Amino acid sequence: MSPHMLTPGDIAPVADLLDQDGTAFDWAGLRGQRALIFFYPKASTPGCTQQACALRDVVGQVGGTQIIGVSPDKPASQKKFADKNSLPYPLLADVDHELAEAFGVWKQKQNYGRSYMGIERSAFLIDADGAVENAWYKISPKDTPVKLLQALGA
């Protein structure tokens, strides 16, 4: 069964998730502003660090657009990742992959001949009304900030 892939105009799913400080994330607080939600497989791995730091480096160019990272890591791992890399945005702990499944990024993956379920690195630009503006499935770490800046016209 193939997960549902979101397309522009779809309402972005939400889930009750904790951020890296163990605080419940306030989705309603995003209303009225754009947000980039990016999904990454595992905190503190090379590709995820490259992606998170590249987004950190463009925070000053995205105006009021909120950046939010999501992975299956626990809040303590997210906190360590955020602190080590000076990430100025929330990292959400999707431990039960509820949000990843809703966005269609929890997929069967292969590594060294082993099959397992995990995050397909993806990013979504959400508009001020909570609808998907852009959906980038299978995005590379280095393309994430590039696509965001292009979409924002920055």
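The values are calculated or read from the model by the stated rules, or taken from the named source; none is laboratory data. Predicted model only: the values in this text are computed from it and were never measured. Heads up, the Cβs are rebuilt from the backbone with ideal geometry, glycines too, and the neighbour counts pull from every protein chain shown.
Among the residues that make up the range 97-112, is at least one of them out of contact with any helix residue (DSSP H, G or I) (no Cβ under 6 Å at 6 or more places or on another chain), buried (at least 17 other Cβ atoms within 10 Å of the Cβ), closer than 19 Å to L6 by Cβ and free of Cβ contacts under 8 Å to residues at least 60 places away in the same chain? The answer is yes, given that some residue of the range 97-112 is out of contact with any helix residue (DSSP H, G or I) (no Cβ under 6 Å at 6 or more places or on another chain), buried (at least 17 other Cβ atoms within 10 Å of the Cβ), closer than 19 Å to L6 by Cβ and free of Cβ contacts under 8 Å to residues at least 60 places away in the same chain.
To keep it simple, each residue is scored yes or no on (1) in contact with a strand residue (DSSP E or B) (Cβ under 8 Å, 6 or more places away or on another chain); (2) under 19 Å from L148 (Cβ atoms); (3) in contact (Cβ under 8 Å) with a residue 24 or more places away in the chain.
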position: D10; (1), (2), (3): yes, yes, yes
position: R31; (1), (2), (3): no, no, yes
position: S44; (1), (2), (3): no, no, yes
position: Q51; (1), (2), (3): yes, yes, yes
position: V58; (1), (2), (3): no, yes, yes
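Scanning the range 137-145 turns up one or more residues that are basic (K, R), free of Cβ contacts under 8 Å to residues at least 24 places away in the same chain and at positive phi. Of the residues examined, G69 is not one that is part of a loop (DSSP other than H, G, I, E, B), closer than 25 Å to D127 by Cβ and either touching a helix residue (DSSP H, G or I) at 6+ places or on another chain (Cβ under 8 Å) or of a type outside the set (G, A, S) (or both).
Quick grid of which residues meet (1) at pLDDT 95 or above; (2) not hydroxyl-bearing (S, T, Y):
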| site | (1), (2) |
| --- | --- |
| P3 | no, yes |
| L18 | yes, yes |
| A35 | yes, yes |
| Y40 | yes, no |
| A52 | yes, yes |
| I68 | yes, yes |
| A76 | yes, yes |
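Within the range 26-44, the set of residues being crowded, with 20+ Cβ neighbours inside 10 Å and out of contact with any Ser or Thr (no Cβ under 7 Å at 6 or more places or on another chain) comprises I37 only.
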